[in-house]
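Here it is, the structure, as C-alpha cells.
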Amino acid sequence: MAFDAPRKNVPMVLTRLVLLFVLLLTLAPARADTLAQVKARGYVSCGVTDAAPGFSSRGEDGVWRGFDVDYCRALAAAIFDDADKVKFSGFAARDRAGALLSGAVDVLAGGAGWTLSRDAGQKLHYAAVSFFDGQGFLAPRKLAITAAQDLAGKAICVQQGGAQELALADFFRARKAEYAERPFASFEEAAKAYDAQRCDVLTGDVSQLSAARATLAAPAEHIVLTDLVAKSLHGPMVRHGDDAWFDVVRWTLFALLDAEELGLSSQTVDAMLTTSDNPDIRRLLGVEGDHGDGLGLPADWAYRVVKHVGNYAEVFERNLGQGSPLAMERRLNALWSRGGVMVGAGVR
C-alpha cells in the first residue's frame, strides 16, 4: 500500500511527458523551415529597431524607411519578386531577441551589435555584417579636434552604466590621460546635454552620433571624428538551427554587395542582364547556371534584389549617406576594393 500513491501518478506523469514531446516535435520543424513558412504566408515578417533614424523609422504616412528596412525589402524581393511583401514590427532594444526567438518575426534586420552573449548565449545567428559601427566622438569644429588623442582634459557626455562608459574609461586609462566625464541615464539625454553645451564632446556609436548631429541647429558645425574606441558589428539575425533560412538571409546581403562591386545598380541591371558578357554578372543575375536552386529560390533571385532595391551603395546613400539627414561617410562600410571592409562572397 505504501507504493500505491506514486503508482497512481505514473500515468499522469507519462501523459504529460508524451504531450511535451509532441509539442517539441511540432515546434521543431516550424523553427527549422522558416523559408517554407514565409513562402506559404506570402510575406516576410521583419523585426526592426523602433525609431532608429536612418535605419528603421516609421513616417507620418505609416511607411517604414531606413537602411535595415531596405534590407528586408531586398529579402522579400529575392523570394517574391516584390519588395513590398514585408510586414515590419518595431521593437525596443530589450524586446528584439525575444521577438525573434518566439517566432513573432522571421528575421531581425539589425540594430544589435554582434556579441558572444547574443550569438551563443541567446542562440541568435548573425548571417553577415551589414554595417560596421563603432564608438566614436562628436565635437564642435571650432574646437579644432581632429583625433581622439586631442580629447585629453575635455568634458565628455556619455551614457552611464553601459559598454560605452566602460570603453571611454579604458581609452583614457590606456593613454594615462585625464578627462571629465558627464554621465547621463540615456544616450538621448547625453545628446541633449551636448547640444546645450554642458560638455565639450559627445561619445556613442557613430550611427548614434550622426543621428544626433542631424538634429542640431547647425549640423555642419560639428564633426564625427574618424577615431574609434570600440567596434560594433551589425547585421541580420536568425534563430539557431534554421540553416536554409540563414542561407537566404546571408546571400541577400551578399547580392547587394556583389552588385555594387560589379557595377550593377537598379538603373543598369536590366541592360546588363541582356548585354553583359562578364561571367560574374551573368552568374549573379541567373543568366548562367542555376545558383538559386541551393537557396530554394529562382535563378534570378539576385536580379530581383538589385532591380527592386538597388545595390549596397544605393541603400547606404539614400538612408545614411551624404544626401540623407545623417550625412555619414562610408568609411569601413566602403567596399574592400575602395578602402573599406565590406565584401560579398560572390556567386560560383
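Would you pick out the residues in the stretch 278-315 that are among the small types (G, A, S) and either touching a strand residue (DSSP E or B) at 6+ places or on another chain (Cβ under 8 Å) or surrounded by fewer than 23 Cβ atoms within 10 Å (Cβ to Cβ) (or both)?
Across the stretch 278-315, the qualifying residues are G286, G289, G292, G294, G296, A299, A313.
May I ask you to list the residues in the stretch 124-154 that are of a type in the set (A, V, I, L, M) and out of contact with any helix residue (DSSP H, G or I) (no Cβ under 9 Å at 6 or more places or on another chain)?
Correct list: A147 only.
Does the stretch 291-348 hold any residues that are acidic (D, E) and either within 24 Å of F55 (Cβ to Cβ) or assigned to a helix (DSSP H, G or I) (or both), and which are they?
D293, E314, E317, E329
Kindly evaluate L253 against the criterion of being modelled with pLDDT of 95 or more, in contact with an Asp or Glu (Cβ under 7 Å, 6 or more places away or on another chain) and on the phi < 0 side of the Ramachandran plot.
Here the answer is no, as L253 does not meet what is asked.
May I ask you to list the residues in the stretch 316-348 that are touching a strand residue (DSSP E or B) at 6+ places or on another chain (Cβ under 7 Å), loosely packed, with under 15 Cβ neighbours inside 10 Å and in contact (Cβ under 8 Å) with a residue 12 or more places away in the chain?
V341
Given the options Y312, Y303, name the one that is modelled with pLDDT of 95 or more and either out of contact with any Leu (no Cβ under 9 Å at 6 or more places or on another chain) or under 25 Å from D205 (Cα atoms) (or both).
Y312
Given the residues A163, A147, A155, A212, which is the only one that is surrounded by fewer than 17 Cβ atoms within 10 Å (Cβ to Cβ), outside the structural domain of V105 (by TED's automatic domain parsing) and either under 27 Å from C72 (Cα atoms) or under 20 Å from the mean Cα position of the chain (by Cα) (or both)?
A163
Restricting to the stretch 263-273, count the residues that are assigned to a helix (DSSP H, G or I) and either under 18 Å from W301 (Cβ atoms) or outside the structural domain of A83 (by TED's automatic domain parsing) (or both).
4
Given the conditions (1) in contact (Cβ under 8 Å) with a residue 40 or more places away in the chain; (2) among the aliphatic types (A, V, I, L, M); (3) within 30 Å of D242 (Cα to Cα), and given that L285 satisfies all but one, which numbered condition is not satisfied?
Every listed condition holds for L285 apart from (1).
State whether the residues of the stretch 271-291 include one that is under 22 Å from the mean Cα position of the chain (by Cα) and farther than 26 Å from F132 by Cβ.
no
Among the residues of the stretch 228-245 satisfying the criterion of being out of contact with any Ser or Thr (no Cβ under 9 Å at 6 or more places or on another chain) and among the charged types (D, E, K, R), which is modelled with the lowest pLDDT?
By that ranking, first place goes to K231.
To continue, here is another question. Just to be sure, is L20 closer than 28 Å to G294 by Cβ, modelled with pLDDT under 90 and either exposed (fewer than 15 other Cβ atoms within 10 Å of the Cβ) or in contact with a helix residue (DSSP H, G or I) (Cβ under 9 Å, 6 or more places away or on another chain) (or both)?
Criteria not met by L20.
Among what's in the stretch 101-144 and is of a type in the set (S, T, Y) and within 18 Å of the chain's Cα centre (by Cα), pick the residue that is surrounded by the fewest Cβ atoms within 10 Å (Cβ to Cβ).
That would be S117.
From V105, V48, V69, which residue is within 28 Å of R304 (Cα to Cα), assigned to a strand (DSSP E or B), of a type in the set (V, I, T) and modelled with pLDDT of 90 or more?
Answer to the selection: V48.
Does the stretch 173-191 include one or more residues that are closer than 28 Å to N333 by Cα, of a type in the set (S, T, Y) and not assigned by TED's automatic domain parsing to the domain that holds E329?
There is at least one residue in the stretch 173-191 that is closer than 28 Å to N333 by Cα, of a type in the set (S, T, Y) and not assigned by TED's automatic domain parsing to the domain that holds E329.
The values are calculated or read from the model by the stated rules, or taken from the named source; none is laboratory data. Since the structure is predicted, the reported quantities are computational estimates derived from the model, not experimental observations. Note that each Cβ is placed from the backbone with ideal geometry, even for glycine, and that neighbours are counted across all protein chains shown.
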